[in-house]
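Data first, discussion second: the structure below is written as structure tokens.
What follows is calculated from the coordinates using simple rules that are stated; it is not laboratory data. Bear in mind that the values here come from a model prediction, so they are computed numbers and not experimental data. Don't worry about glycine lacking a Cβ; one is built from the backbone with ideal geometry, like all the others, and counts go over all protein chains shown.
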Amino acid sequence: MRLKLGETAPNFQAETNEGNIDFYEYLGDGWGVLFSHPADYTPVCTTELGRMSQLQDEFTKRNAKILAVSVDSAESHRGWIKDINETQNTHVGYPIIADTDRKVADLYGMIHPKALDTKTVRSVFIIGPDKKVKLTLTYPASTGRNFLEILRVLDSLQLTSDYSVSTPADWKEGEDVIIGGNIKTEDIPEKFPKGHKIIKPYLRTTPQPNK
Ligand code: BEZ
């Protein structure tokens with residue numbers, strides 16, 4: 001199964017290194033980042049889970065809960081977390097699903113047999129408070145992800161769900177944004193009082209409205 005943007009992220013119950021969870025209960029009314037890695041005690045994964053841990057406060061500030069997945073056991077996760085904490089100078093504070101029966105991996109299409117036989121690849125799903133899938137991303141085993149990019153997308157998703165704007169290439173929090181095509185030019189000053197630029201009739205920008 002391949003989940004598409006806008007579809008409902010399916011709920012599940014799973015064992016983690018911190019005990020059993022119900023995904024929807026874990027997310028509550030906030031945002032979620034569900035991400036898989038191929039295997040415990042592997043080098044790229046060790047740096048990735050460490051990086052996510054270092055950024056956990058940033059996700060919490062954005063009302064987003066983190067949940068990792070691999071097909072290794074909860075006991076394996078608990079042992080490996082000690083290595084992650086030691087080598088990445090962090091303290092992993094989010095649960096890792098022990099998806100030994102591949103239930104979550106199959107539900108979210110995290111196994112790509114032609115790339116990595118029976119292990120989970122590096123998938124990321126951002127899930128909104130409405131439980132819809134807002135982002136999907138898949139990286140190969142050989143390439144560690146950029147977790148700042150996931151935070152950047154979360155910033156964009158949260159901004160664009162509150163305002164009629166979109167964010168340009170390489171946009172970062174605090175930079176100008178693009179005014180939605182549904183806003184008539186004559187209505188811009190009222191809706192975006194910080195000012196605007198009309199570069200082309202279809203490309204109109206304004207300072208980030210919530211800053
Ligand atoms: C790694 O994390 O380094 C890794 C895991 C599985 C396959 C290849 C690399």
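Roughly how big is the chain's charge dipole about its Cα centre, with Cβ charges of +1 (Lys, Arg) and -1 (Asp, Glu), in debye to the nearest 20?
On the way: 26 positive and 29 negative charges, 166 e Å.
Once rounded to the nearest 20, the dipole reads 800 debye.
Within the P(r) computed for segment 102-185, what percentage of the Cα pairs occupies the region above 14 Å? Working shown, then result.
On the way: 2440 of 3486 pairs.
The share of Cα pairs beyond 14 Å in segment 102-185 comes to 70 percent.
Which residue, chosen from 125, 37, 96, occupies the Cα position most advanced towards the positive end of the dipole of the chain, where the dipole is computed from +1 (Lys, Arg) and -1 (Asp, Glu) charges on Cβ about the Cα centre?
Highest projection toward the positive end goes to 125.
Report the one residue of 150, 182, 85 whose Cα lies farthest in the direction of the positive end of the charge dipole of the chain (charges on C-beta: Lys and Arg +1, Asp and Glu -1; origin at the Cα centre).
With unit charges placed on the Cβ atoms, the residue in question is 182.
Once amide H atoms are built 1.01 Å from N in the peptide plane, which residues 5 or more positions from residue 137, or in another chain, come under 5 Å H to H?
124
So for the chain, taking the charge dipole from beta-carbon charges (+1 Lys/Arg, -1 Asp/Glu), which of 6, 195, 55 sits furthest toward the positive end?
Of 6, 195, 55, it is 195.
Return the calculated 222 nm mean residue ellipticity for the chain, to the nearest 500 deg cm²/dmol, obtained by summing -39500 (n - 2.57) across DSSP H runs with n ≥ 4 and dividing by the residue count. Don't skip to the end; give the middle numbers.
Numbers: 8 runs with 67 residues, N = 211.
Rounded to the nearest 500, the figure is -8500 deg cm²/dmol.
log10 I(q)/I(0), Debye, Cα-only segment 139-198, no solvent, q = 0.17, 0.21, 0.25, 0.29 Å⁻¹?
-0.64, -0.86, -1.08, -1.28
Build a GNM of the chain with springs between Cα atoms under 10 Å: which of 105, 169, 14 gets the top mean-square fluctuation?
Comparing 105, 169, 14 in a Gaussian network model of the chain, the most mobile one is 169.
Sort the following peptides by mean Cβ neighbour count (other Cβ atoms within 10 Å, averaged over residues), highest first: 123-132, 171-180, 95-104, 185-194. Provide the component values of the computation, followed by the final result.
Details: 123-132: 18.3, 171-180: 16.1, 95-104: 19.8, 185-194: 12.4.
Going from most to least packed, we get 95-104, 123-132, 171-180, 185-194.
Strictly greater than 19 Å: what percent of every Cα pair in segment 62-211 meets that?
Working: 7217 of 11175 pairs.
Percentage above 19 Å: 65.
For segment 34-109, what size does the Cα cloud have along each of its three principal axes, sorted from largest down, in whole Å?
Principal extents (largest minus smallest coordinate, Cα): 31, 27, 19 Å.
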